[in-house]
Amino acid sequence: MNYNKKTVYDADVKGKKVLLRCDFNVPQNKETGEITSDKRIVAAIPTIKYLLEQGAAVIACSHLGKPKGEWKTKLTLAPVAKRLSQLLGQDVIFAADIIGEDAQAKAAALQPGQIMLLENLRFDIREEKNGADFAKALADMADIFVSDAFGTVHRAHASTAGVAAYLPAYSGLLVDKELSIMGKALDDPKRPFVAVLGGAKVSDKINVINNLLEKADTIIIGGGMAYTFKKAQGYEIGNSLLEADRIDYAKDMIAKAEAKGVKFLLPVDNFCASEFSADAEPVLCEGDIPAELMGMDIGPKTVELFANAVKGAGTIVWNGPMGVFEFDRFAAGTKAMAQALAESGAITIVGGGDSAAAVEKLGYADKITHISTGGGASLEFLEGKELPGVACLLDK
Ligand code: AMP
């Protein structure tokens, strides 16, 4: 997959209308609709400001929540328009529809230096279905398309990929950062290249492991998914998470890693519990886990093993927590890994979703080179899959 895509800096946007796909899918208070974190709106500001300063007229668009083609008043983007206007210090014209009369009239009248926001794209079912007529109607309002919503580039939706059939398509600054940092890490990593994988399920990460086995020097597996691998090695794992139908796969991967000379590290000790609960008493188990216990976090010897393996790395990618970090008693392993990454001196990349949340919750976010903003998208990136919202952008 080619990650070397033209960016807004390569586009001549002066006097042009730019359709800008943003990620304004912000968390909201379910009762009041109040935006509980404006991080994603703040993140969008650099690309928007750049475009406005260059004399473009910006037609911003985004989805919010999962209205599934229904017009759900609670999921209007109106509060986002208001917050965006406060952050930009200028008026944000809000359209009452997406490609309807109001949007079309406002887009036609939009002047250089002005910005408008369309209503929630997913109020129209054709957005997620990538309806050609819907994509064309979006594109017809503009001269150029800029993609800056990394969290949706793994989806072939009208506003993420469809519009690129009708408009020259560039990456925004957020998408460009994701592509240049993660793309380089995968294509031409500074070595040794260490991948740290965790989280609940092996089945979610099979394609990631397959892809990284071809590229990484060391693969570290922690979290719930490690127990299927331990079982494959012949250990007793008690009540720990197990995907019995993946044991053969796990055996194959261990053998493949050995054949390729890729170091493949698994936990050697675990903090276990008799029940899946925040109050459960942690019991340290080395090797086998007794029948009545389940593995909840990696133990101190494993922390040492894993931390030593990331020391001296050139590049580290991390996706998935090392244990049930949401429970304080079982967060130590994840915290230790976050610290090990922060202190490694390597280029460190944390995939979105739970690992990003863990790094932020544990206070290491500012010591990581790059925290990806897209959970599903960064996972598919690590799988080496072609991302429709990236493939459609102009090559450099
Ligand atoms: P994922 O979305 O696949 O990255 O998985 C993240 C989830 O895995 C988090 O909610 C963790 O609580 C969970 N997890 C990590 N380790 C374990 C474990 N040992 N047992 C059960 N769940 C785990």
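Yes or no: GLY295 modelled with pLDDT under 95 and within 12 Å of the ligand (Cβ to nearest atom)?
On the way: modelled with pLDDT under 95: no; within 12 Å of the ligand (Cβ to nearest atom): yes.
Spelling it out, it is not the case that GLY295 is modelled with pLDDT under 95 and within 12 Å of the ligand (Cβ to nearest atom).
With the condition kept exactly as written, say whether any residue in segment 238-258 is touching a strand residue (DSSP E or B) at 6+ places or on another chain (Cβ under 7 Å), within 13 Å of the ligand (Cβ to nearest atom) and either within 22 Å of LYS311 (Cα to Cα) or not assigned by TED's automatic domain parsing to the domain that holds ALA336 (or both).
Checked against the condition, which is being touching a strand residue (DSSP E or B) at 6+ places or on another chain (Cβ under 7 Å), within 13 Å of the ligand (Cβ to nearest atom) and either within 22 Å of LYS311 (Cα to Cα) or not assigned by TED's automatic domain parsing to the domain that holds ALA336 (or both), segment 238-258 yields no hits at all.
Going through segment 72-99 one residue at a time, which ones are more than 15 Å from ASP38 (Cβ to Cβ) and either part of a helix (DSSP H, G or I) or in contact with a Pro (Cβ under 8 Å, 6 or more places away or on another chain) (or both)? Give the derivation first.
We begin by selecting, within segment 72-99, every residue more than 15 Å from ASP38 (Cβ to Cβ); these are 72-76, 90-91, 93-99.
Across segment 72-99, the qualifying residues are THR73, LYS74, LEU75.
Within segment 206-221, does at least one residue satisfy the condition of being open to solvent by 20 Å² or more (accessible area, probe 1.4 Å), in contact with a helix residue (DSSP H, G or I) (Cβ under 7 Å, 6 or more places away or on another chain) and under 23 Å from ASP288 (Cβ atoms)?
If we filter segment 206-221 for residues that are open to solvent by 20 Å² or more (accessible area, probe 1.4 Å), which is where we start, we get 206-207, 210-211, 214-215, 217.
The next check asks that each one be in contact with a helix residue (DSSP H, G or I) (Cβ under 7 Å, 6 or more places away or on another chain); those that pass are 206, 211, 215.
Restricting the remaining residues to those that are under 23 Å from ASP288 (Cβ atoms) gives none.
Checked against the condition, which is being open to solvent by 20 Å² or more (accessible area, probe 1.4 Å), in contact with a helix residue (DSSP H, G or I) (Cβ under 7 Å, 6 or more places away or on another chain) and under 23 Å from ASP288 (Cβ atoms), segment 206-221 yields no hits at all.
Collect the residues in segment 312-339 that are outside any helix (DSSP H, G or I), more than 19 Å from the chain's Cα centre (by Cα) and of a type in the set (A, V, I, L, M, F, W, C), keeping them in residue-number order.
ALA313, VAL324, PHE327, ALA331 - these are the residues of segment 312-339 that are outside any helix (DSSP H, G or I), more than 19 Å from the chain's Cα centre (by Cα) and of a type in the set (A, V, I, L, M, F, W, C).
Could you list all residues from segment 171-205 that are surrounded by fewer than 20 Cβ atoms within 10 Å (Cβ to Cβ) and within 16 Å of MET322 (Cβ to Cβ)?
The answer is ALA200, LYS201, ASP204.
Kindly check whether there is at least one residue in segment 216-230 that is outside the structural domain of ASP23 (by TED's automatic domain parsing), free of Cβ contacts under 8 Å to residues at least 12 places away in the same chain and away from the ligand (no atom under 16 Å from the Cβ).
If we filter segment 216-230 for residues that are outside the structural domain of ASP23 (by TED's automatic domain parsing), which is where we start, we get 216-230.
From the residues that got through so far, the ones that are free of Cβ contacts under 8 Å to residues at least 12 places away in the same chain too are none.
The answer is no, given that none of the residues of segment 216-230 is outside the structural domain of ASP23 (by TED's automatic domain parsing), free of Cβ contacts under 8 Å to residues at least 12 places away in the same chain and away from the ligand (no atom under 16 Å from the Cβ).
If you check every pair at least six apart or on different chains, which have Cβ atoms under 9 Å apart with a residue in segment 281-303 that is under 16 Å from LEU242 (Cα atoms) and open to solvent by 70 Å² or more (accessible area, probe 1.4 Å) first and a residue that is within 15 Å of the ligand (Cβ to nearest atom) and part of a strand (DSSP E or B) second?
ASP288/ILE237
If I filter segment 340-349 down to residues being on the phi < 0 side of the Ramachandran plot and not in a helix (DSSP H, G or I), which single residue comes out as nearest to the ligand (Cβ to nearest atom)?
Step one: filter segment 340-349 for residues on the phi < 0 side of the Ramachandran plot, giving 340-344, 346-349.
Pick out the ones that are also not in a helix (DSSP H, G or I) and you get 343-344, 346-349.
Working: GLU343: 22, SER344: 21, ALA346: 21, ILE347: 21, THR348: 17, ILE349: 15 Å.
Checked segment 340-349; the qualifying residue nearest to the ligand (Cβ to nearest atom) is ILE349.
Which of (1) away from the ligand (no atom under 14 Å from the Cβ); (2) over 21 Å from the mean Cα position of the chain (by Cα); (3) in contact (Cβ under 8 Å) with a residue 24 or more places away in the chain; (4) closer than 27 Å to ALA273 by Cα does ASN308 not meet, given it meets every other one?
Status for ASN308: all satisfied but (3).
Residues ALA108, ALA132, ALA95: which one is of a type in the set (Gly, Ala, Ser) and farther than 16 Å from VAL58 by Cβ?
On the way: ALA108 fails: farther than 16 Å from VAL58 by Cβ; ALA95 fails: farther than 16 Å from VAL58 by Cβ.
Sole residue among the options that is of a type in the set (Gly, Ala, Ser) and farther than 16 Å from VAL58 by Cβ: ALA132.
Quick check on segment 101-114: of everything there that is under 24 Å from LYS74 (Cβ atoms) and touching a residue at least 12 places away in the same chain (Cβ under 8 Å), which residue is farthest from the chain's Cα centre (by Cα)?
So the first thing to find is which residues in segment 101-114 are under 24 Å from LYS74 (Cβ atoms), and the list is 101-103, 106.
Of the ones still in play, those that are also touching a residue at least 12 places away in the same chain (Cβ under 8 Å) are 103, 106.
Values: ALA103: 30, LYS106: 33 Å.
Once the filter is applied, the top-ranked residue is LYS106.
Report yes if PRO321 is closer than 21 Å to ALA216 by Cβ, within 14 Å of the ligand (Cβ to nearest atom) and either open to solvent by 10 Å² or more (accessible area, probe 1.4 Å) or not assigned by TED's automatic domain parsing to the domain that holds GLY199 (or both), otherwise no. Talk me through it step by step, then tell me what you get.
On the way: closer than 21 Å to ALA216 by Cβ: yes; within 14 Å of the ligand (Cβ to nearest atom): yes; either open to solvent by 10 Å² or more (accessible area, probe 1.4 Å) or not assigned by TED's automatic domain parsing to the domain that holds GLY199 (or both): yes.
Taking the combined requirement at face value, the residue satisfies it.
The values are calculated or read from the model by the stated rules, or taken from the named source; none is laboratory data. Predicted, not measured: the structure shown is a model, and the values here were computed from it. Ideal geometry is used to build each Cβ from the backbone, glycine not excepted, and the neighbour counts take in all protein chains shown. The protein model used for the area step is the full one, side chains on, heavy atoms only, and it has no ligands, DNA or RNA in it. Shrake-Rupley method; radii C 1.70, N 1.55, O 1.52, S 1.80 Å.
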